[in-house]
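Here's the structure we're looking at; comments come further down.
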Amino acid sequence: MRKVVIGSAVICAATACAVAALIVKHRMKKSGRWARAEAIVNDFEEKCATPIGKLRQVADAMMVEMHAGLASEGGSKLKMLISYVDSLPKGDEKGLFYALDLGGTNFRVIRVQLGGKERGVINQEAEEVSIPPHLMVGSSFVCAALELFDFIASEVARFVTSESEEYQLPAGRQRELGFTFSFPVRQTSLASGTLIKWTKGFSIEETVNTYYPIRSHLFIEVTVGEDVVSELTKAIERQGLDLRVAALVNDTVGTLAGGRYYDNDVVAAVILGTGTNAAYVERAHAIPKWHGLLPKSGEMVINMEWGNFRSSHLPLTEYDLSLDTESLNPGEQIFEKLISGMYLGEILRRVLLSLAEEASFFGDTVPPKLMVPFILRTPHMSSMHLDTSSDLRVVASKLKDILGISNTSFKTRKMIVKLCDIIAKRGARLSAAGIFGILKKQGRDVLATEKQRTVVALDGGLFEHYTTFRKILESTLAEMLGKEAASSVIIKHANDGSGIGAALIAAAHSQYLELDSS
């Protein structure tokens, strides 16, 4: 009997030891996984670092590229496109003007009634129209573009003809419209220009009968190099509508115009949304590639197309390089791929996938949805980053709903928030460096006089809705400027520049300006 008891005790002890050994092994394995995960995140954080010295190098590189782009066509990664907008709104414009904002699967027709200095914008109305899918494809430029612009023109005509009597123009006057086209266009005048290329995540071969996207996953067949204003004008004429396209406007230039209308100290505009771009006011004599007569104003608005900026000083990681390599436009839009809303969430997904594959961050298997490109969008990242709940329940909810990942630990969720912070901080600080580069080019990085006031108009969903991103951008710009200069620089949200801005530019370049002034 005693032997049985002793044997049972030995077996129990052995079992306990085995269980303990398994627990220890599991903990060691788990500890090893976490150590590996921490190493990956720390390495990523180090490579994304943007100390003030590096940001100044980025700003200086931006300024060098600006000079090169202004000197000659193709002389820089920055296209530095001449917008032909040499007169911005002053706030005293009067009359009825229109805008057409073509920027996606929808377009907007806008009517703005201006009342001069005293009354400002008296009335503003807009109508959004969805483009039927069958108009987004075609077998030739002639057919596809003809049908698309005919549809747009018919909707513009319907919008105008349904106006009440209060919007009737004086006899003999022609309606005037500003046309917002939010892609790189090489303008040959204020109201004409040819498409250069497509951005915002699309790569379109520049050949005859090429499919191009308009800020969407739908495509229109078009020939790169066509004058979009000419096509629109012919379609308007076919509708029997007496309307002149007074200006072809990039959305960033429109944002600058909208900002200037309300504040005469606005000197630059930046869009931080799905894509990104910047425009600013340059001295006309500082544009060597400008061969025409100097404008009376002595100024010219430059559309930088800064998304294509690239420099050895940009803090690129293996995740950025793989994203670029696998994109539809490798080697292009590098700055945009670091700072814009289209890509921030995708960078996060790539880091999380690396953690899942190399450190079993979400368990022994890699979550299938985590392998789907662009499934994790920047608004999702923003929601997780801004999660202030004690248990980070928003993070848990997003992981479950979007990636199908359940039962994550608080420690795991906390690390994901840290990753959001690393990615957003890098993007925001690089954006600030870009703005600082523009201000430095304009000589506004220092306080010249006590009365100097510099306003930068910003628009776009990323800037407007991702509050942490916005605050980091603003604080970084102030840090770069220094206390004295920062006191004179203001970042101001300019909403809907792509809409009202185009109408305001049409007003500032109206064919009736001299008549009205007399």
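The values are calculated or read from the model by the stated rules, or taken from the named source; none is laboratory data. Just so it is clear, the model here is predicted, and its values are computed rather than measured. Here Cβ is always computed from backbone atoms with ideal geometry, including for glycine, and neighbour counts include all displayed protein chains. Accessible surface areas use protein heavy atoms only, side chains included; no ligands, DNA or RNA. Shrake-Rupley method; radii C 1.70, N 1.55, O 1.52, S 1.80 Å.
Which residue pairs have Cβ atoms closer than 7 Å, lie 6 or more positions apart in sequence or on different chains, and pair a first residue in the stretch 227-241 that is more than 13 Å from THR161 (Cβ to Cβ) and modelled with pLDDT under 95 with a second residue that is of a type in the set (Phe, Trp, Tyr) and not in a helix (DSSP H, G or I)?
VAL228/PHE181; VAL229/PHE179; LEU232/PHE179
Looking for whichever is under 19 Å from the mean Cα position of the chain (by Cα), within 30 Å of LYS90 (Cα to Cα) and among the aliphatic types (A, V, I, L, M) here; the options are MET300, MET381, MET342, MET304. Which one fits?
On the way: MET300 fails: under 19 Å from the mean Cα position of the chain (by Cα); MET381 fails: within 30 Å of LYS90 (Cα to Cα); MET342 fails: within 30 Å of LYS90 (Cα to Cα).
Every option except MET304 fails the conditions.
Quickly run through the stretch 476-488 and pick out the residues that are open to solvent by 50 Å² or more (accessible area, probe 1.4 Å) and free of Cβ contacts under 8 Å to residues at least 40 places away in the same chain.
Residues of the stretch 476-488 open to solvent by 50 Å² or more (accessible area, probe 1.4 Å): 479, 483-484, 487.
Once the filter is applied, which keeps residues that are open to solvent by 50 Å² or more (accessible area, probe 1.4 Å) and free of Cβ contacts under 8 Å to residues at least 40 places away in the same chain, the stretch 476-488 yields LYS483, GLU484.
Cβ-Cβ under 8 Å, sequence separation 6+ or interchain: first residue in the stretch 313-340 and closer than 15 Å to GLY427 by Cα and in the same structural domain as ALA428 (by the TED database), partner part of a loop (DSSP other than H, G, I, E, B) and open to solvent by 50 Å² or more (accessible area, probe 1.4 Å). Which pairs?
ILE334/ARG310; ILE334/LEU316; PHE335/ARG310; LEU338/LEU316; SER340/THR274
Would you confirm, using the coordinates I've provided, whether ALA284 is farther than 30 Å from ALA37 by Cβ, open to solvent by less than 10 Å² (accessible area, probe 1.4 Å) and among the hydrophobic types (A, V, I, L, M, F, W, C)? Working first, answer last.
Working: farther than 30 Å from ALA37 by Cβ: yes; open to solvent by less than 10 Å² (accessible area, probe 1.4 Å): yes; among the hydrophobic types (A, V, I, L, M, F, W, C): yes.
For ALA284, the condition - farther than 30 Å from ALA37 by Cβ, open to solvent by less than 10 Å² (accessible area, probe 1.4 Å) and among the hydrophobic types (A, V, I, L, M, F, W, C) - is met.
So which of THR412, THR467, THR454 is polar (S, T, N, Q) and either touching an Asp or Glu at 6+ places or on another chain (Cβ under 7 Å) or not assigned by the TED database to the domain that holds ALA356 (or both)? Explain how you work it out, then say what you get.
Details: THR412 fails: either touching an Asp or Glu at 6+ places or on another chain (Cβ under 7 Å) or not assigned by the TED database to the domain that holds ALA356 (or both); THR467 fails: either touching an Asp or Glu at 6+ places or on another chain (Cβ under 7 Å) or not assigned by the TED database to the domain that holds ALA356 (or both).
Of the residues listed, the single one that is polar (S, T, N, Q) and either touching an Asp or Glu at 6+ places or on another chain (Cβ under 7 Å) or not assigned by the TED database to the domain that holds ALA356 (or both) is THR454.
Would you check if there is a residue in the stretch 406-427 being more than 30 Å from ARG349 (Cα to Cα), surrounded by 15 or more Cβ atoms within 10 Å (Cβ to Cβ) and at pLDDT 95 or above? First the steps, then the outcome.
Looking only at the stretch 406-427, we keep the residues that are more than 30 Å from ARG349 (Cα to Cα), and these are none.
Checked the stretch 406-427: no residue is more than 30 Å from ARG349 (Cα to Cα), surrounded by 15 or more Cβ atoms within 10 Å (Cβ to Cβ) and at pLDDT 95 or above.
Do any residues in the stretch 39-66 that are in contact (Cβ under 8 Å) with a residue 60 or more places away in the chain and of a type in the set (Asp, Glu) have Cβ atoms under 9 Å from those of residues that are part of a helix (DSSP H, G or I) and open to solvent by 60 Å² or more (accessible area, probe 1.4 Å), where the two are at least six apart or on different chains, and which pairs are they?
Pairs found: GLU45/LYS418; ASP60/LYS440.
For the stretch 11-57, enumerate the residues that are modelled with pLDDT of 50 or more, β-branched (Val, Ile, Thr) and either open to solvent by 60 Å² or more (accessible area, probe 1.4 Å) or in a helix (DSSP H, G or I) (or both).
Residues satisfying the conditions are ILE11, THR15, ILE40, VAL41, ILE52.
What single numbered condition from (1) under 23 Å from ARG33 (Cα atoms); (2) in contact with a helix residue (DSSP H, G or I) (Cβ under 9 Å, 6 or more places away or on another chain) fails to hold for MET381?
Only one criterion is unmet by MET381, namely (1).
For the stretch 446-463, enumerate the residues that are over 16 Å from ARG283 (Cβ atoms) and either in contact with a helix residue (DSSP H, G or I) (Cβ under 8 Å, 6 or more places away or on another chain) or buried (at least 24 other Cβ atoms within 10 Å of the Cβ) (or both).
VAL446, LEU447, VAL455, VAL456, ALA457, LEU458, ASP459, GLY460, GLY461, LEU462, PHE463 - these are the residues of the stretch 446-463 that are over 16 Å from ARG283 (Cβ atoms) and either in contact with a helix residue (DSSP H, G or I) (Cβ under 8 Å, 6 or more places away or on another chain) or buried (at least 24 other Cβ atoms within 10 Å of the Cβ) (or both).
Name the pairs whose Cβ atoms lie under 9 Å apart, with the first residue in the stretch 358-372 and in the same structural domain as LYS400 (by the TED database), the second among the hydroxyl-bearing types (Ser, Thr, Tyr), and 6 or more positions between them or separate chains?
What qualifies is PHE361/SER354; PHE361/THR412; PHE362/THR408; PHE362/THR412; VAL366/SER360.
Per-residue answers, yes or no, for (1) at pLDDT 80 or above; (2) farther than 23 Å from ALA247 by Cα; (3) open to solvent by 30 Å² or more (accessible area, probe 1.4 Å):
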position	(1), (2), (3)
MET136	no, yes, no
CYS143	no, yes, yes
PHE149	yes, no, no
GLU163	yes, no, no
LEU177	yes, no, no
PRO184	no, no, no
